[in-house]
Each structure stands twice: as structure tokens, then as C-alpha cells.
1. Show me the strands (runs of 3 or more DSSP E) entirely contained within region 1-48 in which 1 or more residues are over 19 Å from the mean Cα position of the chain (by Cα).
2. Can you report the number of residues in region 103-123 which are of a type in the set (D, E, K, R) and touching a residue at least 60 places away in the same chain (Cβ under 8 Å)?
3. Give region 357-368 a look and list any residue that's within 14 Å of LEU332 (Cβ to Cβ) and outside any loop (DSSP other than H, G, I, E, B), or say none.
4. From the list VAL89, VAL54, exactly one residue is at pLDDT 95 or above, within 21 Å of the chain's Cα centre (by Cα) and farther than 30 Å from SER220 by Cβ. Which is it?
5. Give me a count of the residues in region 86-115 that are over 24 Å from PRO371 (Cβ atoms), touching a helix residue (DSSP H, G or I) at 6+ places or on another chain (Cβ under 9 Å) and either assigned by TED's automatic domain parsing to the domain that holds VAL299 or not charged (D, E, K, R) (or both).
6. Output yes when any residue across region 219-232 is within 21 Å of THR114 (Cα to Cα), assigned to a loop (DSSP other than H, G, I, E, B) and modelled with pLDDT of 95 or more, and no when none is.
7. For region 49-68, give me the residue count where each residue is buried (at least 20 other Cβ atoms within 10 Å of the Cβ) and assigned to a loop (DSSP other than H, G, I, E, B).
8. Based on this model, can you work out whether GLU246 counts as of a type outside the set (A, V, I, L, M) and within 18 Å of the chain's Cα centre (by Cα)?
Amino acid sequence: MSAVAKLEAFICEIPRDEPYLGALRVGEEANEKGYFVRKGNKTVYPTSDRSVLVRVETDAGSVGWGETYGLVAPRATTEIILDLLADFVMGRDPAEAEAIHDDLYNLMRVRGYTGGFYLDALGAVDIALWDAAGRESDRSVAEMLGGRQRDRILGYVSGLPKPTLAERADFAIEWQKKGFNRFKFAAPVADDGIVAEMSVLRRALGPDAQIACDMHWAHSPEEAIEAIKQMEPHGLWFAEAPIPTENIKGLGRVAASVDTPIGVGEEWRTLFDAQLRYEVNGLSIVQPEMGHKGITEFVRISRAAHERGIEILPHATIGTGIFLAASIQSSLALEGVSGHEFQHSIFDRNRDLITGGMRCSEGFYEMDAGPGIGIEPTEKLIACLEKQD
């Protein structure tokens, strides 16, 4: 038995040539802190990428790494980790990661425990504990979850960050030539409207390509139903996040009113969030996002979905590669996983931030065997970490 002897939190900021989802549109302007609001979904984004990283070290010398979102107010997350969570993790055995997760969750049960910065912070700590436990036992996370169900996972190209629809179609064709035949476009930057976006992409990519639309929670149920029905003649693969996440009954109504599968779940933090949507039959595809959940809740949400016959298609977004590695490791071991999001603009740019055998090419994710989450931060990543005291 080993025990956590040290826990640290860091912020990593990575400059971008242009913001996530592509160039700023008319009326979108960054403020002095680098934040701007996408008009298409009324959501705030930074002009650079930021992650919160956690490093735990055991008294046996093993090190585990975790990661969560740091896009907005990252010091809120690191303060929760260092001021509150760290002291309750010290001295615990990382092999008990799931029990530690539940103990930390219970600390804030009566103080807004259901989402936001607190559970992001908990997710990063959870990943780091699983990673450390795997390194202590010389087993990968996939092995710790019962072993691999598959050796590779279908990836889908997420985002077409080009300024015009014609350029976005050409960009998608480039990826199709590289062996990818699954795509998702983002409604907030579909400047000609999502129906036109869907129509043009279908003509460009042919009848066999799978094309999804990320609707970014920006529609009422009635608007979402109408928009999805208009895209359906063009062979819509699935509609992601069609309405605001808090409208649970509305989600059930949307799912019951269209033929297209509904995909949701990236923003959920816990199985409790998932069960509310499962109970109203609000989805055909669940999209757990490791960066918001950690391994413990990612696995719980996915296993409950599989029991209900819900397809599992994990989400992936802005990070250094640490929580993505945890997501791929877990996905290799879970039944019902049909694919995984591939954020090419982030994955390709961050190749030199981590070492290890995680790759996505010719339409598939693959990952070499290795203990824990299977990767290590490089000297370049460590050099960019801003330690929080």
C-alpha cells in the first residue's frame, strides 16, 4: 500500500493562431483578458487554450497526472484543488481512487455539488489518482477496468475551422482523403445556416460519410425539432446538444419528435446528471467528456448507458492530451463505445506536449500499452506549467 505524499496544481496556457472554432465573426471581439462571446451560442471562449493540470506523487515515488478544463477562470479550479481537495487526498492510497472520489464528492453535497468548477477540480484529481495507481501496479487504466474490449477506436473529425462554407467543405474532403469518413460541424460558425452547411457537406463528402451537427445548446425545443427535420433529408448522422442542458423534459420531447439520434452529455459531471436524461429517453448517444468528469464518473455514465442500449461516443475537447489519454484508455475497455471525437486542431498541435503511443490516423485512435493513462508530459509541457501555490 502506498499513500499520496504530494499534490500540486498547475495552469498551462497554449497560444493559438486563431480561437477555437475558427476566426472571430463580425461582432465578436476579445476583451482585455482575452475572452470573447460566440454570437452563435452566447458562450464565452478565450483566445488561447488553457488547462488545469494536477500532479500527485506517492511515498513510493510514483507520479500520476490529471487534467481538467482551464478555459475560463482557471484559478477558480486550482484554488478548489489546493485549498480544499488536496488535504483530503494526502495520505490516501491512490488504488482507492473511486472511494476517494466519492468522499470528495460528499464534501460539497449541500453546497452546489452538481457541476461547475468543483467537479472539474475533482475530475482532474480523480484522473491523477487512477494514473498513479496504474503506475504503482504497472497496469494501464484499461487493464484496471477489466481489459481491452478493442485495440482501436473509430475517430470522427470534429470542427471545420475555415472562414467560408466552400473552404470548410474542401477541408473536410482533405480529411476524407486521409481515411476519415465521420465528421461533425459546429452550428455557431455555420454562417450560412446549419441546413445549408449540412447540404453542402453532404454533396462534398458523398452518401457514405457520416455527418453530425453540434447545435451547442442554442435552440428551443421547437426550433431544434424544426432544424433537425430540415437536415434529415441530407442524412444527418446525429444532432448534438440541441437545446439548453437544463431543459430535461424538452430534451425528451426533441428526441421523440425526430428520426435523427440525439447526442448529449459532454457537460454532465456525474451519473446523476445522466440518469435524469436517461429516464426521459432524451438521447440515443451519450458523449461523456473526460475533462469534466474524471475516470470514475466517465465509467459510471458509460456503463449505465450500455445497460440501456445507449451508444457511447465520448467527447473530446481542448486539453494538453492528458485527459484525452485517460478517455482513450477508458474507452478501450468499455462495452458499447462506437467511436471517439477527434479534435484535430488540438491533437496535432499538441503532439510535442506528451510522450507515449497515442495516435489518430486513417480514421482510428490507437494507443500502445503502458501503465496508468499511458502517457507522460514532455519537458515542453512541464516548462509551460504555471505552478499554483
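The values are calculated or read from the model by the stated rules, or taken from the named source; none is laboratory data. Keep in mind the model is a prediction, meaning the values are calculated, not measured. All Cβ positions, even for glycine, are placed from backbone atoms using ideal geometry, and neighbour counts span all protein chains on display.
1. Per the criteria, 4-14, 35-38.
2. Here the count works out to 1.
3. First pass over region 357-368, keeping only residues within 14 Å of LEU332 (Cβ to Cβ): 357-360, 364-368.
Within region 357-368, MET358, ARG359, CYS360, PHE364, TYR365, GLU366, MET367 qualify.
4. The match here is VAL54.
5. Count: 8.
6. Within region 219-232, not a single residue is within 21 Å of THR114 (Cα to Cα), assigned to a loop (DSSP other than H, G, I, E, B) and modelled with pLDDT of 95 or more.
7. Residues flagged as buried (at least 20 other Cβ atoms within 10 Å of the Cβ) and assigned to a loop (DSSP other than H, G, I, E, B) within region 49-68 amount to 1.
8. Spelling it out, it is not the case that GLU246 is of a type outside the set (A, V, I, L, M) and within 18 Å of the chain's Cα centre (by Cα).
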